[in-house]
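One structure is given here, and the rest of the page talks about it.
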Amino acid sequence: MNYLLSKGYDKTDLVKCGLITHKTESNKYFDRFRNRVMFPIFNYNGKVIGFGGRVLDDSLPKYLNSPETLVFNKRMNLYGLNISKKGIKDDTLILVEGYMDLISLHQYGITNVVASLGTALTINQARLLKRYADKVVISYDADMAGQMATMRGLEILRTAGF
């Protein structure tokens, strides 16, 4: 917050775009992503549209995204698509749950990967996937929530023509 204010940005604008929060009862401003590892979220054209942050301890929430804005709508974007679209192999994209899943796979040379930004797959995300691939492999966590999200995701992908 202090850095952006020193560059001439207004607190009101920083609140609107979700980089800081305002506590009205105390009239204090705080960095929204304090004590988190930051992940810039790019649209498919490579423009930063939001941020995600992950705690390094047991704090909650574990992950925090920028709020919905005119520029950032997580239901219509896929994390990593701006880079992964160049690494598509066999017309296939791998869909994972989060930033760290995608980054881990990239570290091992698996680059045709996108993440659904902490949300269950949406029809808009499936349509975006269809622009770049003919096949999608869902690789969500094996826990019950991941299994249920996989089953819902398969139906959404089928609806989108996969």
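On the basis of being under 14 Å from Leu81 (Cβ atoms), surrounded by 15 or more Cβ atoms within 10 Å (Cβ to Cβ), in contact with a strand residue (DSSP E or B) (Cβ under 7 Å, 6 or more places away or on another chain) and without any contact (Cβ under 8 Å) to a residue 24 or more places away in the chain, does Leu102 make the cut?
So Leu102 passes the test.
Picking from Gly80, Gly109, Gly118, which residue would you name as being more than 29 Å from Lys16 (Cα to Cα) and small (Gly, Ala, Ser)?
Among Gly80, Gly109, Gly118, only Gly109 is more than 29 Å from Lys16 (Cα to Cα) and small (Gly, Ala, Ser).
Contact list please: Cβ distance under 7 Å, first residue in segment 7-28 and on the phi < 0 side of the Ramachandran plot, second residue of a type in the set (D, E, K, R) and open to solvent by 50 Å² or more (accessible area, probe 1.4 Å), pairs at least six apart or on different chains.
Leu19/Arg32; Ile20/Lys11; Ile20/Asp31; Ile20/Arg32; Thr21/Arg32
Mind listing whichever residues of segment 122-160 are open to solvent by less than 90 Å² (accessible area, probe 1.4 Å), over 23 Å from Asn45 (Cβ atoms) and in contact (Cβ under 8 Å) with a residue 12 or more places away in the chain?
The answer is Val137, Ile138, Ser139, Tyr140, Asp141, Gly146, Ala149, Thr150, Gly153, Leu154, Ile156, Leu157.
Looking only at residues that are among the β-branched types (Val, Ile, Thr) and under 22 Å from Ile138 (Cβ atoms) in segment 70-88, which one is most open to solvent (accessible area, probe 1.4 Å)?
Here the answer is Ile83.
Among the residues that make up segment 53-69, is at least one of them among the hydrophobic types (A, V, I, L, M, F, W, C), open to solvent by less than 60 Å² (accessible area, probe 1.4 Å) and either in a loop (DSSP other than H, G, I, E, B) or farther than 19 Å from Gly98 by Cα (or both)?
No, segment 53-69 has no match at all.
Looking at the structure I just gave you, is Asn35 touching a Leu at 6+ places or on another chain (Cβ under 8 Å), at pLDDT below 95 and surrounded by fewer than 12 Cβ atoms within 10 Å (Cβ to Cβ)?
Yes: the conditions hold for Asn35.
The values are calculated or read from the model by the stated rules, or taken from the named source; none is laboratory data. Please read these numbers as outputs of a predicted model, since none were measured by experiment. Positions of Cβ are generated from backbone atoms using ideal geometry, with glycine treated the same way; all protein chains shown enter the neighbour counts. Heavy atoms of the whole protein, side chains included, go into the accessibility calculation; ligands, DNA and RNA do not. Shrake-Rupley method; radii C 1.70, N 1.55, O 1.52, S 1.80 Å.
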